[in-house]
1. With both bridge residues required to lie in the chain, what share of the DSSP beta bridges run antiparallel, to the nearest 5%?
2. Over the stretch 80-159, what is the relative contact order in percent, taking alpha-carbon pairs closer than 8 angstrom and at least six residues apart?
3. In the chain, if the dipole is taken from +1 on Lys/Arg beta carbons and -1 on Asp/Glu beta carbons about the Cα centre, which of LEU22, TYR163, ALA65 is farthest to the positive end?
4. For the chain, find the longest principal axis of its Cα atoms and tell me its angle to the long axis of helix 3-17, 0 to 90°, nearest 10.
5. For the chain, what's the relative contact order in percent, using C-alpha pairs closer than 8 Å and at least 6 residues apart?
6. Could you list the square roots of 5 times each eigenvalue of the Cα gyration tensor of the chain, that is, the equivalent ellipsoid semi-axes, sorted largest first and rounded to whole Å?
7. In the neighborhood of PRO21, defined by Cβ-to-Cβ distances under 13 Å, what is the net charge if each Lys or Arg adds +1 and each Asp or Glu adds -1?
8. Quick check on the stretch 67-146: take the gyration tensor over C-alpha atoms, sort the square-rooted eigenvalues as a ≥ b ≥ c, and tell me if it's rounded (a/c under 1.5), prolate or oblate.
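Derivation of every value follows stated rules applied to the coordinates shown; laboratory data play no part. Just so you know, these numbers come straight off a predicted model, no measurement behind them. Please note: Cβ atoms are built from the backbone with ideal geometry, for glycine as well, and neighbour counts cover all protein chains shown.
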Amino acid sequence: MKLPILLRKIHHWGSIVIAIPLVVMIGAGIFLQLKKEIDWIQPPSRTGVVTNQVPPTTVAELFEAAAGVPEAGINTWSDLDRVDFKPDRGIIKFISKSRWEVQVDTTTVEVLQVSYRRSDLIESIHDGSFFAGEATKLYLFLPAGIALFVLWLTGLYMFFLPYFKKAQKKNKKNKKKARV
């Protein structure tokens, strides 16, 4: 089988095989591109009291302020997914495992914002770990990404092949003219 025909078949059937995972990746990827522009996806960071000094509060006091927000479901440190310090904004973000985000001013210990954070969920959909954990991520979405790369390569080949063939014919024609 000639290379162009083989690559065309790989391109054709590979497109079918990766269609569903690719649509999921692209859709979630679009949402992730917009996470800073759309508050529904990821809450914007508020600004607290910003000083050039270490805040006078302790992490325990800041945690207590976040734990005082019932919808966040933060009772112990193990209820947290992560904690983001934002010294340039004067805040600390407590992000619970239930995806609630509580932003607390590091100086006044005031709760500035409580919002549901969807960006982490969308990211897990994007990388495939949402569906069945690491197995789906590694054995479905990773191969789909590799297959997409192969489709890109075969697509480039098929796109430029006619131009290459046309240039070859033109060179042959010019060489024939030069000999005559």
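1. Of all bridge pairs located within the chain, approximately 100 percent are antiparallel.
2. Here the relative contact order equals 14 percent.
3. The listed residue farthest towards the positive side: TYR163.
4. Approximately 30 degrees, to the nearest ten.
5. On the way: 224 pairs, mean separation 44.3, N = 180.
After rounding, I find 25 percent.
6. Ellipsoid semi-axes (Å, largest first): 55, 21, 11.
7. Details: positive: LYS137; negative: ASP127.
Around PRO21, the surrounding residues sum to 0.
8. Note, shape of the stretch 67-146 comes out prolate.
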